[in-house]
1. Note the full-extension length gain between Arg510 and Glu813 as 0.36 nm times their separation in residues minus their Cα-Cα distance, in nm to one decimal.
2. Beyond 39 Å, what share of the Cα-Cα pairs of the chain is found? Please give it as a whole percent.
3. In deg cm²/dmol, rounded to 500, what helix-only [θ] at 222 nm does the chain give when every DSSP H run of at least 4 residues adds -39500 (n - 2.57) and the total is split over its residues?
4. Against the longest alpha carbon principal axis of the chain, how many degrees, from 0 to 90 and to the nearest 10, is the axis of helix 199-208 turned?
5. Which of the chymotrypsin sites (Phe, Trp or Tyr not before Pro) found in region 597-630 are in a DSSP loop and have at most 15 neighbouring Cβ atoms, other than their own, within 10 Å?
6. Beyond 29 Å, what share of the Cα-Cα pairs of region 802-948 remains, rounded to the nearest whole percent?
7. For the Cα atoms of the chain, what angle does the longest principal axis make with the long axis of helix 397-412, in degrees from 0 to 90, nearest 10?
8. For region 683-748, divide the Cα radius of gyration by the Kirkwood radius and give the resulting Rg/Rh value with two decimals.
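All of the numbers you see were taken from the coordinates with simple rules; none came from a lab. These numbers were taken from a predicted model, which means no experiment stands behind them. Here the Cβ positions follow ideal geometry from the backbone for every residue, glycine too, while neighbour counts run over all protein chains shown.
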Amino acid sequence: MRALIAAAIARSRASLMLLLFLFAAGISAYLVIPKEANPDVAIPMMYVSMSLDGISPEDGERLLVRPMEHELRSLEGIKKMTSTASEGHASVMLEFDAGFNADKALADVRVKVDAARAKLPAEAKEPTVNEINVGLFPVLSVGLSGPVPEPMLVAIARQLKEQIEGIPEVLEVDIGGDREDVLEIIVDPQVLQSYGLDYQQLFTLVSNNNRLVAAGSLDTGAGRMALKVPGIIENLKDVLSIPIKVNGDTVITFADVATVNASFKDPLGFARINGQPALVLEIKKRSGANIISTIEQTKALLEQASVLFPEGMQINYIMDQSKEVENMLSDLLNNVLTAVVLVLILILATMGMRSAILVGITIPGAFFAGILMIWMIGFTMNIIVLFSLILVAGMLVDGAIVVSELADRNVQEGQDQKTAWLNAADRMSWPIIASTCTTLAVFVPLLFWPGIVGQFMKYLPATVILCLLASLLMALVFLPVMGSLGKPRSEASCTQPHRDGPNRLTLAYRQLLHRLLRHPGLTLAGALGGVVLVYFAYGKFNHGLEFFPSVEPESAQVWVRARGDLSVYEKDTVLQQVEQRLLHLPEVKALYARSMAAASGELTADVIGTLQFQFIDWHQRRRASEILDEMRQLTADIPGVVLAFRQQQEGPAAGKPIELQISAQDPALTEQAVNAILRQMSSMDGFVDIEDDRSLPGIEWRLEVDRAAAARFGADVLTVGNAVQLVSNGLLLAKFRPVYASDEVDIRVRFPESWRSLSQLERLTVETSRGQVPLTNFVTLRPAEKTSVIRRIDSNRAVTIKSDLAPGFQVAERLAALKNSGITLPEGVMLKTAGEDADQQEAMTFLVSAFVIAIFLMLMILLVQFNSWYQTLLILSAIVLSTAGVLLGLLINAQPFGIVMVGMGIIGLAGIVVNNNIVLIDTYNQLKAQGLDSINAALETGTLRLRPVLLTSITTVLGLMPMVLAVNVNLLEPSLGFGAPSTMWWTQLSSAIAGGLSFATLLTLFLTPALLVLGDKMLKR
């Protein structure tokens, strides 16, 4: 190592040029690296979507879901398969094991779907395979609202969609609330009867007149001529001219008997923004695109287009991730800058101006070198990476402080600058490398964290590892090069007036340590007593357990739930009642209301609409929980509805924390078990907003066909179905692609609106071989119990119960209380916990495994360094004892024990704690080798290492203090902010590390020397 350091010092110009290049390249990388709020996480989930117009949930399960499940269940690596069948639609959701190959899995799923396609009904639409990716979620939602006719609003939204998709960074734009185009042929049933038109005949006539005929070409020898028979329907005129009846020389067309309208299909819901009819443009960026630049270009385009908008039309930015990213970048960069300034002030106060400048250069040097490597491996600049930079801000200077402090001592002893820095870097190279390796050893296992949480958090260990490797280069190569270029000793010493002798702190520490070293056994007992006391205090006064930190949200939702066979218009009326109560709250800048005919996704079946609130900036309003409490009071007296208030969730956790899955072979047993569990949960404290995903009670009307009677009239089930479709959604005749639509448009024939009622079904007639015959001759109309949705988990029907937790309650504790409440389930019923509880168990299992692996790796490194079991185990014991400091930090800062954050904090702390112990024990061994007895060697070691130990520990703690206190210091403006959402993310982790490291520093300075003496005494015996 000495040869490398000497070569770098000898070629100082080349070394400094390399350092300058790293600075320039790092700054360039920071400017061009894509910036986003959350990491681009590959979620190990895909879903297959199938649809068949009008199919019932029971038939969807039998004809769509089961054949697809049969093919997909043979795929490798499937962790869970969830299926849903509802009216007209079915889907199969696949969850894969962690670490799956997304491209291979997608290809395998498509192969299986292609194989299953042959088993699906011919009328079903082509199944689609969809990959779920956080990177494909919208980054900007733009609301277009105002007193504008719906066709005009839709047309404007579609034009904007095409223009925005022309921006290179934009992947695609979805229009929320867009209506599906349809060409309606409205025909009176009496006209059909008078002309004796048959539905199948209509279909055949239109289909035969809507064909692309390849007529070929004609080669006469004198030239080649292409022949074309234009037959594709292109516009309204083409439809009106289609013949539907020929009698002799008389031809009847649609223009003679029907009204043709270019319209929209029946609405499936309505959208409003701040009470005005609206559509929403949901804009997704391409993977790797800079979110801030993408949204700036989109807003600029919308600003130009708004000049041409009709009067009264407004643009509302409902969700804008670029603001979140900019705020987080600003807050966290301020905290990085604050951490660096605090560290420099401390070094300046203790080591002088020159040392502070030299050490100060290594911090941004390691930062920029780390950012350069982060950019090179394809990471983005997100909240995890930024916090990682704050976490390492204090750690980066550990090696630099140790080298600088020893070089300072060498200069004081009379060595010239080059020799002093060369000797210091050489002497401390292996202890620094060993301590860095132990830190890396605890972060390396975290790179293999499975599941979505692991994908989310892997950016932290990766960033820490890269920056620590860069800091090693800075401390052992570039710092000695810069230090060796300093002034002669006589000039340098004048900048260090405080070096004349030990200060009061050192003298007081030496006296106290001397007393403790006389009684090492009592010192150990006292330390263990303090640890036990902390554990006891934490057990009594702790602030509970949670999976992931709760962060002050920027938005919230209200799910409006109601039961009954309500039409989409009735549902929207109910939603408007809730909307009017909440419309004019001053702390809400945008209220997005959306009613729906049928709930989908994570919404329960009885959700008739949602209200989404975008809050004003966090520092200008009350906490979101207080605002939601006021909303509950404002809507408490609305009859017939249940409101579920949900805050925006950050991080990888999603959904309600408590989730129970109940399944049985007999659906009746499942029903009994669900009712029993719901009754028990309702009677217990802690469970709020309890819901289940059973099908809602309702009525459906069945037209039961007497096939024998129908056959006598020359009719069949298809004839009946076609007739009924004329009353409901319309009979599909053909499809065409007009200029104004991007997709194919249905051509449907249907009766006038006055004929679309249940009573008209009994008056309906069909054309048969015996003429017009009433449907009632062979069809019976009966009411029956309705099944709105069927859900299956791993090929079995299942019901899921979900619940939120009341404040002050924990997931694990409530689940244990529920299981021990004496609830009895019918035999054959299976109960399984999922959701946050399952994620907690998975995370805890991995973190414990990672901790064990980290300990083993550190054990190997320390054995190589010291070749002593006692000294190795002494260092590792400091890790175990420092956990008391973690709990103390959480107690003092009133933080709950977070499974993810505190677990990572303990693992990260393990690597930091051993660093000072390694250097201290290395110095002790050197002094022992020089002939000192154990007590004097330990005393001199403590005195020599006091300043660097305090400096390295305090710099790390100071670097974390803005996060511990949830303070945002802007040194450039200047301003001070408390409780920013970006700091809430990391309060638990930073409190854990700061508390643990502070406690471990006391152990290092007092207990470690005592244990070294105790070990020597035991060895002599």
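1. Stretched out fully, the Arg510 to Glu813 stretch lengthens by 104.2 nm.
2. On the way: 296070 of 520710 pairs.
Cα-Cα pairs in the chain separated by more than 39 Å: 57 percent.
3. Here the helix-only value at 222 nm equals -16500 deg cm²/dmol.
4. With both axes taken from Cα atoms, the answer is about 70 degrees.
5. Answer by residue number: there is no such site.
6. More than 29 Å apart: 42 percent of the Cα pairs in region 802-948.
7. Around 20 degrees separate the two axes.
8. When Rh is taken as the Kirkwood radius, the ratio is 1.29.
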